[in-house]
Every structure is written in C-alpha cells, then in structure tokens.
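Read the structure below first, then the notes.
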C-alpha cells in the first residue's frame, strides 16, 4: 500500500530552493520563526553533490529544522523521513530525525517519541544519510511510535553538540513506507502484486497460487478487475474479492478457508453462477462439510443441475450440507415442463420396462409417466435409445400390451438426478420458493440417508420433492413446511404433490402441508410417519377429497403416530405391485399401525372415510392393521357414516382370510357407525327363538365378516318358554348373512334373554 499513489496524498515537503518561509527554526507550528533571512542560514544554488541545498551554521545547543506543513498521520500508514547531509567545516555535530506531534485542534501530543536515532559524522565533506520511520503501531523497525492520537506532524532534523559547524542539507524527504511492513501489518496480499493482470484474457492462475502461498494465513485480496482462471484452483487462505473471476465450466474454484456462498457471489458476480460454483466445490473436498448461503435469497430462472455443476463425480457418499438461505424461481420459460407422447409396449414378464418406445430420444430421465394402467408417481429411471427401451421406477397396473403414454419432465430448483448415487446429503433451513413456476428438489438416482429439515417448499408448480428411483432410501423429512400453489383449486382438480418415495425406512416427522392433491405417495416399507399436519380441504360446501398419504405397498410395515390428518384420508394401495389376483405368495394388506392420530373433516359427504384400502386385484386379504387411540371428528354440522372403507372399484378383499386386525380405543364425533374390533355388542332377544341373529355391520372394519367370538356373557337371565332361567351354553355360527357380518347364536331350544359379546373380524393366527 502507498497512500501517495492510492489516495493521492502528498507527504513531501517543498525543496529548500523554493524558499525558507516553510522551514521553522523551532517546532514548525504556525507563527514559529523561520530560517528566511536568518544569519545562520543560506541557500546554495549548485552544490557539486546536492545541487540546490540549504547551508546551516550551528549556533544553538540543539539546532532545530522543521517543515511547517502538516504531514498527515494515518492509522496503518508508516512514513520514512530521511535527510542527506555533509559537514563542511567545524566540530562534528550529532544529527537526528525529529518532529513535533500534533493532535486534533492543533494541540501538541506529548508522551510520544519525537526524535529518531542520533548519528555522529566523522569526515568533512562526506555524504551521510539519516532516517527514521514514524507510524501509529509499535512494530519492529518503527523508530517513532505515535499511536492514534497524533493526526499530523512537523518533520525535520535536530543538530546536537558543540556549535560552529557548517552543514549542508540536500532536502527532507518523507515517503510512505507502509509496504515495508506489508507482510506483517496489513494481514493481506494482493494478487496483482504477484503478477495477476485482471484483463479477463490472461490466465492469472499462477499469480493467484503465488499470492495464496505467500499469504501464510493472511487474506488474499483480489483487487478490481476481471481475472481469467483457466483451470481448477484451490485457495487455502481467506480470500476477498473486489474484482471478479471468469473460469471454464469444467474448472472449479475450491476455497478451503472462507467457504460460503457470499464469497462465491463476490467472485463471480452472478447469483446463479455463484451457487453453481459453490455446489461444485462442496463436492470436491474444500475441508468444509456444508455450504452456508448466508441467509441470502438466490433467484433462478432455470434449474440447477447439480451433477453437471460438479462435473467430475457420479457417486458421492460423504456427508454434505446445504443450509440457511432461499432459492427463488423467477418467471421464465426455463421452468416449462418437457412433455413427450409416445407409444410403447409393456409385458408383466418384464415389469420395470417399456419396449418399442417411439420418440425415445426426446424422453427425459426423471419424467413422470401417465397413461391407462399407470399408478401414481411412476418415473423414467433410464432409457436406451438404441434399443428403444425405457426403465420404470415401479411396475404398471396391467395396461394394454401396446398403448400411448405421456412423459412429463418437471423442472426443479435443485436437480440431483444426474448422480448415479448420492448419500448423506442434508438440506436445512432452506426455502424453496417455487412460486408456481418450478418444482423443488429431485433426488439422485440412488442414495441413502438424505436429511431435509426445517425447510419451506413454497408453492411448487408440480412437486415439492421427487424420488424418481431409489435415491430416497432411509430419508428423513423433518419439520418442513409445504405450501401448495393450488390453494384455491378444488381438491379433486389439484395435481401437485408434496413428495414421493420409492424405497424403505423413510421418516416423515413434524411436517405441515396445505392443500396439495396428496401430501405423500410412498412405496416401500419400514416408514415412520409422526407429528405431521396435512390439510387438504377446499371451499366447496360438500366437497370431494383426496388421499393425504398413499402407501403403495400392501405389506407396508409402517407406523402413523400423532399426526393431524385434516380433510383427507390414509390410503393403503398396491398400485405399484403389478398383481391382478392374489396367489399363494401374495402378501396381504397389513403391517400398518395407525395410533394416536387426529382425523378431522368438514364440508364432506356422508360416505367420506378416513382410512381406505384400495386393492388393485381380487381376493387379497388383510393381516396386521392396528387402528388404536385415534380421534375421528367431523365438524361443521356434517356427519359421516363410518371412518374406514375398502375401495372395490379395481379389486376386492377376501375377508374370510383376515387376521390381526385391531380397531379399539378410538373416539368418534359425528360418525354414525363406530368401528371396533374386537367389537363389544349386546343382543337383547325378547322373542323366544333357538337361533338368534345379530348383525355386526355397524362395527366391523372394512366391510369384513364376523370370524370369531372372543368372549360372551349373559347380562340378563336366559329363559325358556316357561320363563325359567337356563344355564346352558350356546354355540355360534360365524360369518353369516350375505356379507358375512352376521352371527347366529344357537340354543338347544327356544330361548330369550340378553347377551354381551366380543366379536372379532379376524381369525386366529
């Protein structure tokens, strides 16, 4: 640094030949006497060594010479005062650099060093030079340490010792020597000092590396300019950008010290490029596990392809984190869905592939597939253009052998789909402001243990988060907010879905979702779904509703606990399992626990139910469904018939095979028939009969049958035709009536009385 150059400051006193009015014989303050006209001072027009110079005769014990101008003293700036002189005659005096320290208001600052080291010449006519450095800091090499109180000084020399000597002085030179202390004082190095040009054309990579090597813990400063860096570079010291960089797309800027989004934004001057470059560095070992967006809003007009940005990795398994900021989509054609219609063939013998696909070249990996016989959330996982095949994330539902399909590729703010495998990635405290233009996040092809928590998915156009293959295995979605762009659309007309999953062991906890078509469509099993509130009502006075959660594996091994399920239902389906009829190996619907949830609804028809089983084939069974301790409440004056049902539009349940169904401890409001299993029922037979018939249709779950009597007790006398109490035991005929939901209680002879029974819709295991 040199203030004379950078700030245009003038420290230099005028030459003596310009007049002695500027030179004081005392302290240099205003009004002090000058050497102009003094008897012991004269100007020499042409000394053979110095040219024009001042000649002084020493007449006082301490002879002063001070420049009357106020030389500024700046924090962090170090000045060198130097004088060349020679003794012409007389006894040799000692000389030193000297000054008067001035503070604010022209007051003298005392207690600071105002003199430099003394020097005693010993040869007449020999040229000597004395110097001293003055500055604010107490550093090695500073002769006059002034601190921050002085704001200017009057500088010159003192002559000490015997009088009579005649001394010629060439000039008083004052120079900015801060650069002497540059390494230790400033705490930074400038890339331009190491050869960087900054013209946007010359490759400055070597200069950046040299500056970084010299910094040794100090900050590397990239001063104004545009710097071209032709290949990947690692900066190990803190770096600050005043200028900007241009780099090839394949080159990476790896900052290992102050690795954060704002550094990359300063480096590249573009929000989009800064995020792209920073994400590329995140996957390339910058000694940081996380990229902090610094609370910044980053506007994007098209997707960030993270795999393309990284450029050199198809698989990555180390933990990485993106945190603390907002990604906001702006209106742009870059978000338009890619839609392709193609004919294709399908066979259940190869259930995860379409063959003979026309127009396959235009179909995008990650596209949603729709068409007759296609379940929800089926995606393209790969394609082979030469063979004209498309790989599927899930089997289809027995479509025609050849038919037309639509392939729709949504656009995501962050798209990780290009990675073959990406595990242990975490997104925390990030807002995905899709704003009806974009979708949120697409996961990698495969992966494990993603964590997405405390994020906002605001108005996704199509999807909040998509797993197009198996990148969701073991994923945790915690404490996120999901807000639909279809708030004012009727529930049955909505198309957006908060998230989907395809693999196992998913944790969905403490999320809140408002007015999507579905909160989640989940294949696989081993899921824990707890503490969520998903709300899917609309403004219709008696409105249709849609499923909140769709579990697409019959045997889903899933727990739903402590959720608030609002104006929607839980659906247990098998649309991703490609079986039209239950065979010996077909797994039943079950291993599902629904415990301690709040179910509520309003403005719904009487046939609305909260728990659906929706088989996609015939004669499946139920084994292992527990519905315990839930609250079912219909508000607003509406009453529903019951809380559970089987959707038989595409399949059936063989209730005679039901096992391990528990439906107890639930509370009901505005529900006509209160489902129970075991069901506590009472029959009050007032007419003598040897066969009493009791219907359990009001209580039996899922339209099932009465398959067992867990217990019974007479709660009033059992009497014969003569009114005499009887002590005999009845026997029971189960699964009676057209639907099998009746039971017959058989006696040895006509009887009347009152029994309490505990009936079961499931058989012993």
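Each value in this text was obtained by applying a stated rule to the coordinates, not by laboratory testing. What you are looking at is a predicted structure, and each value in this text was computed from that prediction instead of being measured. Note that each Cβ is placed from the backbone with ideal geometry, even for glycine, and that neighbours are counted across all protein chains shown.
For the pair residue 18 and residue 88, label points projected 7 Å from Cα toward Cβ lie 2.3 nm apart.
Using R0 = 60 Å, the C-beta based FRET efficiency linking residue 339 and residue 26 works out to 0.10. Using Cα pairs closer than 8 Å and at least 6 residues apart in sequence, work out the relative contact order for segment 359-449, in percent. Normalised by residue count, the contact order of segment 359-449 is 26 percent. Please grab the % of Cα pairs in segment 305-439 that end up more than 24 Å from each other. Tail of P(r) above 24 Å: 41 percent of Cα pairs. For segment 525-665, the pair-distance distribution built from all alpha carbon pairs, in bins 5 Å wide starting at 0, is 2, 10, 20, 23, 19, 15, 8, 3, 0, 0 percent. Taking other C-beta atoms within 10 Å as the exposure proxy, 60, 273 rank 60, 273 from fewest upward. Two numbers describe the Cα atoms of segment 613-685: Rg and Dmax, which are 14.4, 42 Å. Give me Rg over Rh for segment 513-607, both radii from the alpha carbons and Rh done the Kirkwood way, two decimal places. Rg/Rh for segment 513-607 comes to 1.01.
Taking the empirical scaling 2.2 N^0.38 Å for compact globular proteins as reference, segment 361-517 has a Cα radius of gyration ratio of 1.03.
With both labels modelled 7 Å from their Cα along Cα-to-Cβ, the residue 754 to residue 654 distance reads 4.1 nm.
Cut-off is 10 Å between beta-carbons; in what order do 304, 528 appear when sorted fewest neighbours first? With the sparsest Cβ surroundings first, the list reads 528, 304.
Here the residues 352, 254, ranked from fewest to most Cβ neighbours within 10 Å of their Cβ, fall in the order 352, 254. Counting only alpha carbon atoms, the long axis of helix 205-215 and the longest principal axis of the chain meet at about 80°. Counting only DSSP H runs of at least 4 residues, each contributing -39500 (n - 2.57), and dividing by the residue count of the chain, the helix-based mean residue ellipticity at 222 nm comes to -1500 deg cm²/dmol.
Sequence-distant contacts, meaning Cα pairs under 8 Å at least 6 residues apart, place the relative contact order of segment 186-329 at 16 percent. What do you get for the angle between helix 271-282 and the principal long axis of the chain? Use alpha-carbon atoms, 0 to 90 degrees, nearest ten. It is inclined by approximately 80 degrees. Computed from the Kirkwood radius of its Cα pairs, the Stokes-Einstein diffusion coefficient for segment 679-760 at 20 °C and 1.002 mPa s stands at 167 µm²/s. When peptides 463-473, 311-321, 608-618 are ranked by their average number of other Cβ atoms within 10 Å per residue, the highest-first order is 463-473, 608-618, 311-321. Shape verdict for segment 276-325, please, from the Cα gyration tensor: rounded (a/c under 1.5), prolate (a/b greater than b/c) or oblate. The shape class here is oblate. With only Cα atoms counted, segment 186-329 has Rg and Dmax values of 14.7, 43 Å. Per residue, the convex hull spanned by the Cα atoms of segment 341-409 amounts to 66 cubic angstrom.
The three principal axes of the C-alpha atoms in segment 3-182 carry coordinate ranges of 41, 33, 31 Å, sorted with the longest axis first. For the chain, the relative contact order works out to 6 percent when only alpha carbon pairs closer than 8 Å and six or more residues apart are counted.
Dividing the convex hull volume of the alpha-carbon atoms in segment 667-716 by its residue count gives 124 Å³ per residue.
Each 20 Å bin, from zero up to the one with the longest distance, holds this percent of the alpha carbon pairs of the chain: 14, 29, 20, 15, 12, 7, 2, 1.
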